[in-house]
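Student: The structure that follows is given in the form of structure tokens.
Values quoted throughout were computed directly from the atomic coordinates according to the rules given, and no laboratory measurement underlies them. A quick note: this is a predicted structure, and the numbers were derived from the prediction, not measured. All Cβ positions, even for glycine, are placed from backbone atoms using ideal geometry, and neighbour counts span all protein chains on display.
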Amino acid sequence: MIQGIGASAGVAIGKAFVLPNWEWSLPDTQVNAVDLAKEFERLYEGIRTSKDEIEFIKREFREIVGPEESSIFDAHLAILDDPVFMSEIRGIIERQYKAAEVAVKEAIDHFVAMFDLLDDEYMKERAVDIKDVGNRLLKHLLGAPEVILPSDTQPYILVAKELSPSQLAHLNPAYVLGIVTMMGGKTSHSSIMARALGIPLVAGLENKLENPIQTGDMLVLDGETGAVQLHPDETTVMKFASMRDKQHKKREQLEQLATVEAITKDGVALRLVGNISSVKELNLAQKYGAEGVGLFRTEFLYMDRNTFPTEEEQFEVYKLVAEKVGSSTVVIRTLDIGGDKHLDYFQLPEEQNPFLGYRAIRISLDRKDMFKTQLTAIVRASAYGNVKMMFPMISSVDEVQAAKAMLDEVKEELEQRGIPFNRDMPVGIMIEVPAAVMIADLLAEEVDFFSIGTNDLVQYVLAVDRMNEQIAHMYHPYHPAVLRMIRMTVEAARNAGIDVSVCGEMAADERSLPLWLELGISELSMSPQALLRVKHRALNTVASDARRVAVACFRNRTSSETEEQLGAFSQRSGATLGASGESKEKTS
């Protein structure tokens with residue numbers, strides 16, 4: 001058994017298809033000085049074509065996994081606009097009289113070599129993006145065809161030295177059983193995309209194979225543990241097949257719980273709602289039994305276009321979502337761009353620390369024209385359903401008051417225009433930064449509800465970028481500081497008599513359920529894919545037992561103690577699903 005890095009969970013069994021490495025035949029002759037203008041024109045045309053192709057891939061991929069994962073391609077577009085990268089290419093053409101494709105290849109090699117010298121795995125993996133974009137540009141300059149993958153009639157395990165996001169986006173997930181890469185790790189863009197597509201992936205097999213994998217070789221892999229077996233014997237194949245079949249059966253049985261209410265064994269009801277970015281994701285959330293929308297990310301309305309969406313365009317989408325949700329609640333978050341989310345037509349400043357910079361509510365309060373348009377569309381939609389509005393990344397009372405003042409202006413104007421809306425539409429904020437936690441009692445006096453955004457809260461409390469492979473091991477959601485921050489927020493909300501929900505990966509982690517039961521949090525907002533797992537856990541949990549475990553967790557001094565206790569409780573209260581989809585106690 002070969003041990004790699006488990007980057008996307010799942011079991012795969014099948015024959016390998018080894019993706020050929022990029023190989024180009026480049027001209028070795030110099031360009032005449034009079035032809036330099038022609039080479040520059042060829043370069044710019046190749047850039048334009050590459051951008052159009054990346055935009056198309058991004059749109060196609062977004063339809064499958066949503067805007068967050070598809071925003072990976074924003075980084076590729078940024079490379080084609082990067083002045084340093086482009087200056088390197090132009091300099092080689094102009095000073096050395098080389099053809100455009102030769103200049104591109106040399107620039108790729110230069111930057112990749114530079115990244116590889118850095119003692120930072122995250123930056124090394126970003127070199128894959130440079131190669132991906134550069135190779136796309138080379139393909140257009142040379143008129144080279146795409147690498148032909150196996151026919152869709154024959155499922156396979158894809159094997160590659162490294163897999164670019166563009167290559168992965170062209171795959172048909174229905175026929176790719178799994179992926180094995182020699183390079184990369186959990187934070188690579190391809191790993192993120194594989195997880196979004198539900199394709200098992202094992203990375204990091206470089207120098208771990210006695211003999212290279214050949215097309216047609218039989219493989220088994222476990223994308224959770226990182227185990228890969230080349231030329232497995234019958235016993236090993238049967239073992240992995242059993243694991244795969246159990247996973248598939250569990251998934252099918254979980255889907256039967258979609259219409260079952262999330263109530264613990266001793267009668268404590270939970271409300272599980274979905275995080276969505278589009279109407280398509282809403283359909284998926286409703287399929288999996290979401291009781292509403294706890295977070296509607298409005299960023300997708302602003303992406304893949306050349307101008308800001310109009311009031312009418314936004315209103316139509318918000319109205320549609322409100323009507324589809326019916327009597328259930330939909331929480332619409334105002335625009336949250338900046339950090340790692342950018343718009344092609346809205347130039348953000350270059351920042352050393354963009355996650356601590358010009359983003360979210362800070363942009364909205366600065367660009368009042370844009371903010372007012374969105375507020376108007378949301379308020380108008382409130383007449384068509386149970387709509388709530390939420391402001392992101394709040395860190396002061398001043399920000400809330402300024403946002404509410406603009407909201408009052410919008411309501412007054414709609415009154416004058418005779419346009420209907422819900423005058424009592426609840427307004428809330430996301431608690432994502434430590435400053436908001438420390439003044440949660442003051443903020444609670446200003447709003448109707450809190451939503452604790454655990455992804456950013458953990459990141460900011462611990463000062464850890466979870467996408468940085470070097471320090472990802474320090475990203476601990478169960479760190480005592482994080483748990484104390486959450487408890488402080490809940491207590492402030494409870495004292496003020498306002499609602500509080502939890503959003504993000506901690507809400508989607510079924511191990512966390514005892515914490516929410518102890519804190520009295522009844523609404524959890526998560527990705528549609530997590531809804532049934534959390535519901536299954538709730539149905540098989542005794543709330544009184546869970547609370548006793550949580551009390552101990554809040555007293556712990558280390559995150560490892562809490563992880564161990566929550567994990568042990570999860571195992572003790574585990575359940576299997578019967579054929580009817582009903583939960584049954586495990587027997588030993």
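Student: Can you give the FRET efficiency for Ala33 and Glu316, using 1/(1 + (r/R0)^6), R0 = 56 Å, r = Cβ-Cβ distance, to the nearest 0.05? Write out the running numbers ahead of the final one.
Tutor: Numbers: r = 56 Å, r/R0 = 1.00.
According to the calculation, E is roughly 0.50.
Student: For Ala262, list long-range residues whose amide hydrogen, built 1.01 Å from N in the peptide plane, is under 5 Å from its own amide hydrogen.
Tutor: Answer set, sorted by chain and number: Leu270.
Student: Based solely on its DSSP helices, what 222 nm [θ] is calculated for the chain when runs of n ≥ 4 H residues each add -39,500 (n - 2.57) and the sum is averaged over all residues, nearest 500 deg cm²/dmol?
Tutor: On the way: 23 runs with 279 residues, N = 588.
Only helices count here, giving -15000 deg cm²/dmol.
Student: Follow-up question, since we're still on this one. Order these by the 10 Å Cβ neighbour count, fewest first: Ser188, Ser559, Ser522, Ser87. Write out the running numbers ahead of the final one.
Tutor: Values: Ser188 29, Ser559 20, Ser522 17, Ser87 11.
Ordered by Cβ neighbours within 10 Å, fewest first: Ser87, Ser522, Ser559, Ser188.
Student: How many angstrom lie between the C-alpha centres of the range 395-420 and the range 320-359?
Tutor: So the separation of the two Cα centres works out to 19 Å.
Student: Using r as the Cβ-Cβ distance of Thr49 and Gln214, and R0 as 41 Å, what FRET efficiency do you calculate, to the nearest 0.05?
Tutor: Numbers: r = 34 Å, r/R0 = 0.84.
Between Thr49 and Gln214 the formula returns 0.75.
Student: Neighbour counts of other C-beta atoms within 10 Å: give me Leu230, Leu356, Leu443 arranged from fewest to most. It would help to have the intermediate numbers written out before the result.
Tutor: Numbers: Leu230 20, Leu356 12, Leu443 27.
Final ranking by Cβ density, sparse to dense: Leu356, Leu230, Leu443.
Student: So how strong a dipole does the chain carry about its Cα centre when Lys and Arg Cβ are +1 and Asp and Glu Cβ are -1, to the nearest 20 debye? Spell out each step's value before the answer.
Tutor: Numbers: 63 positive and 88 negative charges, 340 e Å.
In debye, rounded to 20, the chain gives about 1640.
Student: For the range 462-556, what Kirkwood radius comes out of the mean inverse Cα-Cα distance, in Å? Write down the numbers at each step before the final one.
Tutor: On the way: mean 1/r = 0.0696 Å⁻¹.
For the range 462-556, the Kirkwood estimate is 14.4 Å.
Student: May I ask you to derive the FRET efficiency for Arg548 and Glu350 from their Cβ-Cβ distance with R0 = 45 Å, giving the value to the nearest 0.05? Could the numbers behind the result be given before it?
Tutor: Details: r = 51 Å, r/R0 = 1.14.
The calculated FRET efficiency here is 0.30.
Student: Hey, which lysines would be in cross-link range of Lys105, C-alpha to C-alpha under 17 Å, not counting anything within fewer than 8 residues on its own chain?
Tutor: Those lysines meeting the cut-off are Lys131, Lys139.
Student: Cα gyration tensor of the range 195-317, axes a ≥ b ≥ c as square roots of the eigenvalues: rounded (a/c below 1.5), prolate (a/b > b/c) or oblate?
Tutor: Numbers: a/c = 3.60, a/b = 1.56, b/c = 2.31.
Oblate shape, in that a/c is at least 1.5 and b/c is the bigger or equal ratio.
Student: Treat the count of other C-beta atoms within 10 Å as a stand-in for reagent exposure and order Val180, Val410 from fewest to most.
Tutor: Going from least to most buried by this count: Val410, Val180.
Student: Taking 22 Å as the cut-off for C-alpha to C-alpha distance, list the pairs among Lys161/Lys186; Lys208/Lys250; Lys58/Lys98 that go past it. Could you put the intermediate results ahead of the total?
Tutor: Values: Lys161/Lys186 15 Å; Lys208/Lys250 33 Å; Lys58/Lys98 32 Å.
Exceeds cut-off: Lys208/Lys250; Lys58/Lys98.
Student: Quick one: Debye curve from the C-alpha atoms of the range 156-250, no solvent, what's log10 I(q)/I(0) at q = 0.13, 0.20, 0.21 Å⁻¹?
Tutor: One equal scatterer on each Cα of the range 156-250 leads to -0.43, -1.04, -1.14.
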